[in-house]
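In what follows, a single structure is set out as structure tokens and then discussed.
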Amino acid sequence: MKFALLAGLVLVAASAASAQDTPNEMLSPTISMSEVDWDAAAASVPGKPDGPAREVFARLNAATTGQFPGIAESAVPVLLPLDIAATLKDKDAGKAPNEVLAGGFRASKFFLPGPAGYDATFFIKSSEVPGLGVRYPRPIEVEIAGAAFFYELEAPSVVESKETPHAIETEFPGMRRILREGRMRYAFTRFGVPYVVSIDCFDGRVSGRRLACADVDQVAVRFLRTLQVAGGTPQPPRKPPSIDLTRPQVVSLSFTYHSSGSLIPNSGYKLASGRPDNHVYARIRFPLAEAPAYAKSQSFMPWGDCYMKGKIGRTNYKGAPYRCRLNDKQLVFDESAPENFSYPWRDNFCETRDLRVGQCPAGIGHQGQDIRTSTCVLRNEGADRCQPYQHDIAAVRDGMIWRNSVQDFVYEAVYLVINTANDRVRFRYLHLDPKRMDADGLESGRRVAQGEIIGKVGNYNKKENGTSYHLHFDVQVWTRDGWVWVNPYMTLVSAYERLIGARGTEIKDGEPEPAAVPGIPPQVGALLPPPPAATAPAVQQTVAVKPKPVRRYGRQKSRSDDETN
């Protein structure tokens, strides 16, 4: 399979000096450290136990590790909704811990402590907690995180914020209540550590399907009142080193990419531009198992729906010409069009979507990057769309799986959360089939290793065939406001160069796209073979690059217009 990694690539030797003259410089993110006061944290434990902080926390860890495995690994005091006095008493008496925690909250399977701090999620049901003050039919998920270090980002283009209600400010001095990127966040500092409690919500017309932001204060206040120090281990601070940005010494003749922030013209929200960001936020493995791969839009390229902003031309047959109303780029109604599966790459982090992204000029954008595979496998010669589940997805780092099953939008999503001495990052993979993830045991709390296959590229968006065949991949880093979307584009460029063993050539604004390299055709157009005859034994189907004539099944149903990513 190593040859497949270099399919379609021609390499040429080049000196490191000349190669560095072409691209913009890749940058490491800026990180700040927390100054943890472990003595103050130990003194806050009910009963004010005697002894140094390390002994106090060793006893706490022994009492809580059964419910929260690995809690001693946290480099910051872990705040949880627990009655610590009762927990210590039950531990001494040999009693099993209660499933229902303080305030009526229940722990999820996701709890990740480590040298970067900790993350945990909890649920509460209004039907189980009389007087909660929120009438919502589904479990409400609450996130909490504390950080040993955090990322300093450039100021967001747009910050959605609301004043902290007087009642909260009075009860929790210094509390910041922030509405950012679809989450209500309650940020505070305790023992020198920044903590954030956050709840996903909808800041719009109230719906039974989405929790209104106006309703989350009651839940958040109830949660905040229950928090007590539950574990962690005092340890000296260690600032993460800068990310290794070493690039290959050879240059690919075929891998080219547009600069970060360079969108397809007029594809940004309300025609806004992108926002250049040359930071590499983590040194990762590329998320597709094999190269070649193509990072580019799936909404404003051939067969794209222009994100429902209107088309000019009819798309009622394969190959039909059309364009988006937002620009003059000529398209064809054919997902297997060679342009979709060829270089150069193009950033689409701030492309038109109806999603909150503070780091985009308009404050609204895509949140991540579309990635196309090496081939588009067609059902038959008349099909206009790719078949799903033909290409493997790999874990980009060692980490823990988190699947937020509360929101409809993320049923097809899986997060990979990283907590190491060097990184506090989480990655999201979208458009995976939920049933396949369930069958593969890809559930919250599972640990995976870098390079491990964790799924297949799909087209799931609320239903099968709800979007085009691609992987949506995005990155969040932990800040004083909690988890924030950042542009994954240069992180992916860096990872892809390591995958293929060669560096790409950047196409800066105003420069023409290079001509295709002769002898390197786009990897598209494979067909599924015909099904076996009824009397033949069942065999595993394979993809034939030059298939024999096949029986037509009829043109496939065209895409749905309800895609989001």
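Laboratory data are not the source of any read-out in this text; all were calculated from the coordinates shown. Keep in mind the model is a prediction, meaning the values are calculated, not measured. Glycine gets a Cβ as well: all are built from the backbone with ideal geometry, and neighbour counts include every protein chain shown.
Quick one: length gained pulling Gln249 to Lys48 fully straight, 0.36 nm per residue minus the C-alpha distance?
Fully extending the segment from Gln249 to Lys48 adds 66.5 nm.
Rg(Cα) of the range 379-475 divided by 2.2 N^0.38 Å? Walk me through the numbers on the way to the answer.
Values: Rg = 14.0 Å, N = 97, 2.2 N^0.38 = 12.5 Å.
For the range 379-475, the normalised Cα radius of gyration is 1.12.
Quick query: amide H of Gly268 versus all other amide H atoms, modeled in the peptide plane; which residues come in under 5 Å with a sequence gap of 5 or more or a different chain?
Thr352
Fully extended, how many nm does the chain gain between Arg238 and Arg498 (0.36 nm per residue separation, minus their Cα-Cα distance)? Let's see the in-between values first.
On the way: separation 260, 0.36 × 260 = 93.60 nm, distance 2.75 nm.
Length difference between fully extended and current span is 90.8 nm.
In terms of Cα to Cα distance under 23 Å, which lysines are near enough to Lys48, apart from those fewer than 8 places away along the same chain?
Partners within reach: Lys89, Lys91, Lys95.
What does the highest-first list of 374-382, 47-55, 312-320 look like by mean Cβ count within 10 Å?
So the peptides 374-382, 47-55, 312-320, ranked by packing, come out 374-382, 312-320, 47-55.
Considering only Cα-Cα distances, which of the following residue pairs are longer than 24 Å: Lys125/Lys162; Lys309/Lys456; Lys296/Lys508?
In this structure, Lys125/Lys162; Lys309/Lys456 lie more than 24 Å apart at Cα.
Distance in nm between label sites at Ile453 and Ala320, each 7 Å beyond Cα in the beta-carbon direction?
With each label point 7 Å from Cα toward Cβ, the separation is 3.7 nm.
Taking 2.2 N^0.38 Å as the expected size of a compact globular protein, what ratio does the Cα radius of gyration of the range 290-380 give against it, to two decimals?
Relative to the rule-of-thumb radius for its length, the range 290-380 sits at 1.13.
Determine ³J(HN,Hα), in whole Hz, for all residues of the range 284-290 in sequence, where each value follows from phi through the Karplus function 6.51 cos²θ - 1.76 cosθ + 1.60 and θ = phi - 60°; x replaces Gly and Pro.
10, 7, 5, x, 8, 5, 9
Straight-line reach from Lys239: which aspartates and glutamates have Cα under 13 Å away, leaving out those fewer than 8 places along the same chain?
Glu35, Asp423
Restricting attention to the alpha-carbon atoms of the chain, what are Rg (one decimal) and Dmax (integer), both in Å?
In order Rg, Dmax, the Cα atoms of the chain give 25.2, 81 Å.
Amide H neighbours of Ala320 under 5 Å, at least 5 residues apart or on other chains, H built in the peptide plane: list them.
Those lying under 5 Å, H to H, from Ala320 are Phe333.
So what J values fall out for the range 229-244 if you push phi through Karplus, 6.51 cos²θ - 1.76 cosθ + 1.60 with θ = phi - 60°, rounded to Hz, Gly and Pro as x?
5, 10, x, x, 9, x, 7, x, x, 9, 6, x, x, 5, 5, 5
For the range 35-135, evaluate the Debye formula with one uniform point scatterer on each Cα (no solvent term) and list log10 I(q)/I(0) at q = 0.10, 0.13, 0.16 Å⁻¹, rounded to two decimals.
Result of the Debye calculation: -0.31, -0.51, -0.76.
Could you check the spin-label model distance between Ala85 and Gln330? Points 7 Å from the Cα along Cα→Cβ, value in nm.
With each label point 7 Å from Cα toward Cβ, the separation is 7.8 nm.
Is the shape of the range 136-216 best called rounded, prolate or oblate, per the rule: a/c under 1.5 gives rounded, else a/b larger than b/c gives prolate, else oblate, with a ≥ b ≥ c the square roots of the Cα gyration tensor eigenvalues?
Since a/c reaches 1.5 and a/b is larger than b/c, the shape of the range 136-216 is classed as prolate.
Over the range 30-231, what is the relative contact order in whole percent, taking alpha-carbon pairs under 8 Å and six or more residues apart?
It rounds to 26 percent for the range 30-231.
Could you order peptides 269-280, 159-170 by the average number of other Cβ atoms within 10 Å of their residues, highest first? Display every interim value, and only then the final one.
Working: 269-280: 19.1, 159-170: 12.8.
Order by mean packing, descending: 269-280, 159-170.
Using each residue's phi in the range 437-445, evaluate 6.51 cos²θ - 1.76 cosθ + 1.60 at θ = phi - 60° and report the 3J(HN,Hα) Karplus result to the nearest Hz, with x for Gly and Pro.
The phi angles translate into 5, 4, 5, 7, x, 8, 10, 4, x Hz.
Identify the residues of the range 455-474 with backbone N under 20 Å of a label point that sits 7 angstrom from the Cα of Arg209 along the Cα-to-Cβ direction, or state none.
459-468
For q values of 0.13, 0.18 Å⁻¹, compute log₁₀ I(q)/I(0) with the Debye formula on a Cα-only model of the range 30-231, without solvent.
-0.75, -1.36
Treating only the Cβ atoms of Lys and Arg (+1) and Asp and Glu (-1) as charged, compute the dipole magnitude of the range 30-231 about its Cα centre; round to the nearest 20 debye.
About 700 debye.
Once you place label points 7 Å from the Cα toward the Cβ at Glu339 and Lys508, how far apart are they in nm?
The answer from the label model is 2.6 nm.
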